[in-house]
Amino acid sequence: MKRNPKELEYTHRQVSRRALFVGGLQAAFVGGLAMRMRYMQVDQADEFRLLAEENRINIRLIAPARGELFDRNGKILGQNTPSYRIIIVREDAGDVEKVISDLSKLIYLDPEDLERARAEMRRAPAFLPITLADQVTWEEISKVAVNAPSLPGITPEVGLARHYPQMGDFAHVIGYVGPVSDYDLSQMEDPEPVLRIPRFQIGKVGLEAKREGLLRGRAGAKRVEVNAGGRVMRELSRREGDAGADLQLSVDADLQQYTQARLEGESASAVVIDCETGDLRAIVSAPSFDPNLFVRGISVADYKRLTDDPYRPLANKSVQGTYPPGSTFKMVTALAALEAGVVGPGDTSYCPGFHKVGNRRFHCWKRGGHGTVDLLLSLKRSCDVYYYDVAVKTGIDNISAMANKLGLGVRHDLPMSAVRRGLTPTQAWKERVHGEGWLVGDTANSSIGQGFMLASPLQLAVMSARIATGRAVTPRLVKSIDGVEQPSGAGEPLDINERNLRYIRNAMYAVSNDRRGTAYRSRIIEDAYRMAGKTGTSQVRNITKAERAAGVIRNKDLPWERRDHALFVCYAPFDKPKYAVAVVVEHGGGGSKAAAPVARDVMLQALYKGNPPLEAYPSKDRERIKEQQERLDQLRDRVTPSDGNDRA
């Protein structure tokens, strides 16, 4: 059927209009798209290039090398050693448990480490590496490398780990490092990103913790290309971090090692301080422990062994332990009395074996008394009654002020954990803390270093150095930082009459060198190194009237934990003081028997820089000392690691 020409023309016109309309819309859309593309590709090209780069490239931190630690002679105390470890990437491993099982057939995998690794894998993304075994041997690394095709996702790596070659000798001084824990992070207001690196280690206790900021260094960074899943494809660039500062300590490793060995078998501490500079030459707490056990995470069995030991090897007794100073405090009471003008060096007191304060008797250690004594005799024979008498005249506030001036009751600023202040009580202190008034009997007790009075071995060594020099000697542990010498602790002259100090020094000389002195058996024979000192014995239990009437039970007949503490303080040479030493032997009994011989031996080691000649000892002791030196040398050789990393 033919269509009307008019209808055909009409239909053609309709189609043409529609085509033009649709074409116009298409042209407008294409034009708008082209303009948008030009805007994005040309006008905003830089912005989108940056966004694309950030999506494609990640910045990852590189852990810095930790600063190393040395003794005063350059011997390494804390170092970074290559550490081989085995890591696993979960997304590459497939069946993780099967891979771990296959790996355990090649090398030993610690069950505690495995549980820790499994816990990390549950928290971390599948593409992050997790450590399965740390500090593995080169032989184990070789086994893993040879069998790599059958261990998908397993990779051997090398990193740096902290190692303490001196083991227990410096455990209480340096402390140790360990992996950053959730608790560590919770204690920081704004933790640095580097702390979130898996298994990154920070100082936990001791110098490692107190100088963490110096030792940690600054992290480096690397630019890595990652895929859409976030897995690393390749490394594009790297900027190494800044290593932490190297610290040189004032301590002499050889003297420290000797002192540690000399205190073997005791619960004790000893401090050696240089009178000229304040440098701590040895600061020892016994028994000790191996800090390397804590670097990876100590086992439950090892930790229980340390915490169950009644001698408390984890406690740093040299700065943390505070003890009644006993008769080593008598120099403080005497100086306070001399400075207050209430007594002169020639003034005497009569000791019948006790001193009455009100209705109470305060006893002397010598039941029959010492008779008439002056200042020198009272210190030489350690008469208690003399100090009861002069202390009541002097007053506790004057005595405590003198104690503070000599370094007691003061928290010395050392980068060590748990440095204690001790206690030098005053009338106001007792009222504030106990809500009670001060009693005259409190003064009598305090005058001989009992009652409320408490001091650490560090403080007793400082006290001895200040008496010896007349200067405010301040202990110094860090000698230099990256080779830059730190301020000396020599100190300024004390505001104490030099004549009064000489009286005290002469009395301390008599303690060690007069035949009736309490430390005469532990004297130094060599004239150039004559020692001045003071014994001390501090009670840890009350002696009842009934016991005193029947006879005080001897220390050796008491259980160990109820025996008196033994103390001794000294300095030498007498005429030109070089070192001051303080020794505390917990529950050691008398200071003259347990502490004085140790202090004498340590002092001679410091003065001679090694084993002294036998002629420095009393003749009757020389055979015993010879055997002791041989035994200690063998002990030190047995525990000294072979280490070729010493530095001059």
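Residue-by-condition table, conditions (1) in contact (Cβ under 8 Å) with a residue 40 or more places away in the chain; (2) within 21 Å of Gly449 (Cα to Cα); (3) in contact with a Cys (Cβ under 9 Å, 6 or more places away or on another chain); (4) crowded, with 24+ Cβ neighbours inside 10 Å:
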{"residue": "Arg296", "(1), (2), (3), (4)": "yes, no, no, no"}
{"residue": "Pro310", "(1), (2), (3), (4)": "yes, no, no, no"}
{"residue": "Ser327", "(1), (2), (3), (4)": "yes, yes, no, yes"}
{"residue": "Glu339", "(1), (2), (3), (4)": "yes, yes, no, no"}
{"residue": "Arg360", "(1), (2), (3), (4)": "yes, yes, no, no"}
{"residue": "Trp365", "(1), (2), (3), (4)": "yes, yes, yes, no"}
{"residue": "Thr372", "(1), (2), (3), (4)": "no, no, yes, no"}
{"residue": "Tyr387", "(1), (2), (3), (4)": "yes, yes, no, yes"}
Of all residues being under 25 Å from the mean Cα position of the chain (by Cα) and either assigned to a loop (DSSP other than H, G, I, E, B) or among the small types (Gly, Ala, Ser) (or both) in region 610-643, which is modelled with the highest pLDDT? Just the residue, please. Thr640
Is it the case that Phe289 is at pLDDT below 95 and not aliphatic (A, V, I, L, M)? yes
Return the residues of region 183-194 that are in a helix (DSSP H, G or I), of a type outside the set (Phe, Trp, Tyr) and modelled with pLDDT of 75 or more; say none if nothing qualifies. Asp184, Leu185, Ser186
For region 290-311, check the following and say yes or no: at least one residue is touching a Lys or Arg at 6+ places or on another chain (Cβ under 9 Å), outside the structural domain of Gln135 (by TED's automatic domain parsing) and among the acidic types (Asp, Glu). no
Condition check for Ser288: surrounded by fewer than 17 Cβ atoms within 10 Å (Cβ to Cβ) and touching a helix residue (DSSP H, G or I) at 6+ places or on another chain (Cβ under 7 Å): no
I'd like to check something: does region 585-601 contain any residue that is in the same structural domain as Ala490 (by TED's automatic domain parsing), charged (D, E, K, R), more than 27 Å from Gly470 (Cβ to Cβ) and part of a loop (DSSP other than H, G, I, E, B)? yes
Taking only region 408-431 into account, find how many residues are surrounded by fewer than 17 Cβ atoms within 10 Å (Cβ to Cβ) and of a type in the set (Gly, Ala, Ser). 2
Name, by its number, the condition in (1) more than 23 Å from Gly589 (Cα to Cα); (2) among the hydrophobic types (A, V, I, L, M, F, W, C); (3) modelled with pLDDT under 90 that does not hold for Ala490. (3)
Which of (1) assigned to a loop (DSSP other than H, G, I, E, B); (2) touching a residue at least 12 places away in the same chain (Cβ under 8 Å) does Gly203 not meet, given it meets every other one? (1)
Quick one: Thr307 ticks every box in (1) closer than 23 Å to Gly589 by Cα; (2) in a helix (DSSP H, G or I) bar one, so which box is it? (1)
Checked region 66-103 for anything of a type in the set (Gly, Ala, Ser), within 20 Å of Pro156 (Cβ to Cβ) and either touching a Cys at 6+ places or on another chain (Cβ under 7 Å) or touching a residue at least 40 places away in the same chain (Cβ under 8 Å) (or both); matches are Ser83, Ala93, Gly94
Please go through region 383-432 and pick out each residue that is more than 20 Å from Ser456 (Cα to Cα) and acidic (Asp, Glu). Asp384, Asp389, Asp397, Glu431
Single residue of Val569, Val584 found to be within 20 Å of Tyr503 (Cα to Cα), buried (at least 24 other Cβ atoms within 10 Å of the Cβ) and modelled with pLDDT of 95 or more: Val569
Can you pull out the residues in region 473-498 that are free of Cβ contacts under 8 Å to residues at least 60 places away in the same chain and either outside any loop (DSSP other than H, G, I, E, B) or under 15 Å from Tyr579 (Cα atoms) (or both)? Val484, Glu485, Pro493, Glu498
Which pairs do you get when a residue that is more than 20 Å from Pro475 (Cα to Cα), found in region 397-412, comes within reach of a residue that is surrounded by 18 or more Cβ atoms within 10 Å (Cβ to Cβ), reach meaning Cβ atoms under 6 angstrom, with the pair 6+ apart or on two chains? Asp397/Thr426; Asn398/Ala336; Ile399/Thr333; Ile399/Ala336; Ser400/Thr424; Ser400/Thr426
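The values are calculated or read from the model by the stated rules, or taken from the named source; none is laboratory data. Predicted model, so just to flag it, every value in this text is computed and none were measured. We place every Cβ from the backbone using ideal geometry, glycine too, and count neighbours over all the protein chains shown.
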